[in-house]
Amino acid sequence: MNVLIIDEEIPWPLNTGKRIRTYNLVKRLQKDHQITYLCYGDQATGLPGCPNVTLIALRSPVLEQKGIRFYGSLVTNLFSSRPYIVARHYSQVLENKVLSLIAGSKLALVHCEWLPYTESIRSLLGKLPAVLSAHNVEAQIWERYYQAEKNPLKKYYINHQWKKLMKYEAVAREYTIVSTVSEPDRDIFVRDYGCKRVVVVPNGVDEQYFAPMKVEIKPGSMVFTGSMDWRPNQDGVKYFIEEVFPLIRRRIFNATFAVVGRKPPEWLIHLAGRVEGVTITGTVPDVRPYIADSVLYVVPLRVGSGSRLKILEALAMSKTVLSTTVGAEGLAVEDGKQILLRDKPQDFADAACEVLAEPNRYISYGSAGRTLILQSYTWDAIAKVMARVWQSACV
């Protein structure tokens, strides 16, 4: 069938969790479908390995998160009914392009890769089969921002955005089908937003690329990987450095913590520079060596929704993983089997110290994790689920 996908960006290079998911599914789906991929971007030369994808990239209107214009837009949005993440990503140019593509081709389905882009296709909902890919529950992310924020001014603004997002996200029920990445997310779309058809299409991992590696392990080493321009990752790393890592260093004197991911903010680099044993790498060509030579993979997230590709990658490499409950949300993992789950700073630190002191005791966790990946989380299997969603939406 002919499918139009609307997204915020070109899913390439594969340096964010969202891009990894989107690309791996599109790469497999395009073998049986003709896909037009409309998004913002600076290039339109095609997606590698996707001959049946026509890529159309428009100039992005999205402001960088700095400067007078950006902060002015935050203030102005206080008086808008649209949540900021919706207003920030909307452009009339994109909406016009969608309408022209609809008029000029025989499309069977429209697929929206991120909720805020609903504004560009809203006039089509109910007229064409449409699927929303909900990578997260956006309102839940902002609710957790609100709960974690201590600055009164920021807390007020976050609360304002959270309430607007709760109202806006209900637009999901206008789609033919909503796909979520986890059971808890599905329950929210059904219970809170009244969506009738919601299907879980989990996150996955390339089990051949992320495979165990024979390398020398660095004693006392911990690692976190993820895009550091994403606020949940920033919050989790800051929390770990300030509240958990000092507790670990008191007992494990050689403990180290590496933060591996693109675009770390300056304030985080400065914070890490003041703490002995913490390294911020920024963008790296390959995250696997950093995961492979670490004793422990940590996921200290307090904010977020959906499910974490980072945990799937670490488990695929047979690493011992220590996460908060929020960090492992939506994954079919069990505390004490494939993963360690701890939420309070002292409990998280105690578990980390136990693994760092006696890593061989926890080898079975990594083995069980790898087995789970092969059973349930390969992209080939997950792409088949999304293919069935597309077919079902058109019936």
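The values are calculated or read from the model by the stated rules, or taken from the named source; none is laboratory data. The structure displayed is predicted, hence computed values, not measured ones. When we count neighbours, we look across all protein chains shown, and the Cβ atoms used for this are built from the backbone with ideal geometry, even at glycine.
Kindly establish whether Gln161 is part of a helix (DSSP H, G or I), modelled with pLDDT of 95 or more and either closer than 24 Å to Arg388 by Cβ or not hydrophobic (A, V, I, L, M, F, W, C) (or both). Before you say what the answer is, go through the steps one by one.
On the way: part of a helix (DSSP H, G or I): yes; modelled with pLDDT of 95 or more: yes; either closer than 24 Å to Arg388 by Cβ or not hydrophobic (A, V, I, L, M, F, W, C) (or both): yes.
Taking the combined requirement at face value, the residue satisfies it.
Taking segment 97-113 only, how many residues are in contact (Cβ under 8 Å) with a residue 24 or more places away in the chain and part of a helix (DSSP H, G or I)?
Of the residues in segment 97-113, the ones in contact (Cβ under 8 Å) with a residue 24 or more places away in the chain are 97-99, 101-102, 105-113.
Now narrow it down to the ones that are part of a helix (DSSP H, G or I): 97-99, 101-102.
Number of matching residues: 5.
Mind telling me which of the residues Phe210, Phe189, Phe224 ends up being in contact with a Cys (Cβ under 6 Å, 6 or more places away or on another chain) and aromatic (Phe, Trp, Tyr)? Spell out the reasoning first.
Values: Phe210 fails: in contact with a Cys (Cβ under 6 Å, 6 or more places away or on another chain); Phe224 fails: in contact with a Cys (Cβ under 6 Å, 6 or more places away or on another chain).
Checking each option against the conditions leaves just Phe189.
When you go through Ser294, Ser323, Ser367 one by one, which is the residue that is under 17 Å from the mean Cα position of the chain (by Cα) and among the hydroxyl-bearing types (Ser, Thr, Tyr)? Steps first, please.
Numbers: Ser294 fails: under 17 Å from the mean Cα position of the chain (by Cα); Ser367 fails: under 17 Å from the mean Cα position of the chain (by Cα).
On inspection, the qualifying residue turns out to be Ser323.
What are the residues in segment 314-349 that are over 15 Å from Ser294 (Cβ atoms), touching a residue at least 40 places away in the same chain (Cβ under 8 Å) and not in a loop (DSSP other than H, G, I, E, B), if any?
Correct list: Pro345, Gln346, Phe348, Ala349.
Which one of Arg173, Arg186 is of a type in the set (Lys, Arg), within 30 Å of Arg28 (Cα to Cα) and touching a Phe, Trp or Tyr at 6+ places or on another chain (Cβ under 8 Å)?
Values: Arg186 fails: touching a Phe, Trp or Tyr at 6+ places or on another chain (Cβ under 8 Å).
Just one listed residue meets the conditions, Arg173.
Within segment 27-51, track down each residue that is surrounded by 14 or more Cβ atoms within 10 Å (Cβ to Cβ) and touching a helix residue (DSSP H, G or I) at 6+ places or on another chain (Cβ under 9 Å).
Across segment 27-51, the qualifying residues are Lys27, Arg28, Leu29, His33, Ile35, Thr36, Tyr37, Leu38, Cys39, Tyr40, Leu47, Cys50.
How about segment 197-245: which of its residues are surrounded by 15 or more Cβ atoms within 10 Å (Cβ to Cβ) and among the polar types (S, T, N, Q)?
If the condition is that a residue be surrounded by 15 or more Cβ atoms within 10 Å (Cβ to Cβ) and among the polar types (S, T, N, Q), then Asn203, Ser221, Thr225, Ser227, Asn233, Gln234 are the ones that fit.
Residue-by-condition table, conditions (1) buried (at least 22 other Cβ atoms within 10 Å of the Cβ); (2) within 26 Å of Tyr239 (Cβ to Cβ); (3) free of Cβ contacts under 8 Å to residues at least 40 places away in the same chain:
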{"residue": "Val131", "(1), (2), (3)": "yes, no, no"}
{"residue": "Val137", "(1), (2), (3)": "yes, yes, no"}
{"residue": "Glu143", "(1), (2), (3)": "no, yes, yes"}
{"residue": "Ala148", "(1), (2), (3)": "no, yes, no"}
{"residue": "Leu153", "(1), (2), (3)": "no, yes, yes"}
{"residue": "Tyr157", "(1), (2), (3)": "no, yes, no"}
{"residue": "Trp162", "(1), (2), (3)": "no, yes, yes"}
{"residue": "Leu165", "(1), (2), (3)": "yes, yes, no"}
{"residue": "Val171", "(1), (2), (3)": "no, no, no"}
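Output the residues belonging to segment 369-388 that are touching a strand residue (DSSP E or B) at 6+ places or on another chain (Cβ under 9 Å) and among the basic types (Lys, Arg). It would help to see each step written out before you state the result.
Going residue by residue through segment 369-388, those that are touching a strand residue (DSSP E or B) at 6+ places or on another chain (Cβ under 9 Å) are 369, 373, 377-379, 385-386, 388.
Within segment 369-388, just Arg388 meets the criteria.
Inspect all residues belonging to segment 365-384 and state whether any of them is surrounded by 21 or more Cβ atoms within 10 Å (Cβ to Cβ), of a type in the set (A, V, I, L, M, F, W, C), touching a helix residue (DSSP H, G or I) at 6+ places or on another chain (Cβ under 6 Å) and under 25 Å from Glu143 (Cβ atoms).
Checked segment 365-384: no residue is surrounded by 21 or more Cβ atoms within 10 Å (Cβ to Cβ), of a type in the set (A, V, I, L, M, F, W, C), touching a helix residue (DSSP H, G or I) at 6+ places or on another chain (Cβ under 6 Å) and under 25 Å from Glu143 (Cβ atoms).
Given the options Val237, Val190, Val223, Val198, name the one that is farther than 13 Å from Leu301 by Cα and in the same structural domain as Leu271 (by TED's automatic domain parsing). Please lay out each step first, then the result.
Values: Val237 fails: farther than 13 Å from Leu301 by Cα; Val190 fails: in the same structural domain as Leu271 (by TED's automatic domain parsing); Val198 fails: in the same structural domain as Leu271 (by TED's automatic domain parsing).
Checking each option against the conditions leaves just Val223.
Consider only pairs whose beta carbons are under 6 Å apart and that are at least six residues apart or on different chains; among these, list those whose first residue lies in segment 253-279 and is within 24 Å of Ala292 (Cα to Cα) and whose second residue is among the acidic types (Asp, Glu) and surrounded by 14 or more Cβ atoms within 10 Å (Cβ to Cβ).
Lys263/Asp229
Identify, from the list Pro13, Pro61, the residue that is free of Cβ contacts under 8 Å to residues at least 24 places away in the same chain and assigned by TED's automatic domain parsing to the domain that holds Val110.
On the way: Pro61 fails: free of Cβ contacts under 8 Å to residues at least 24 places away in the same chain.
The unique qualifying residue is Pro13.
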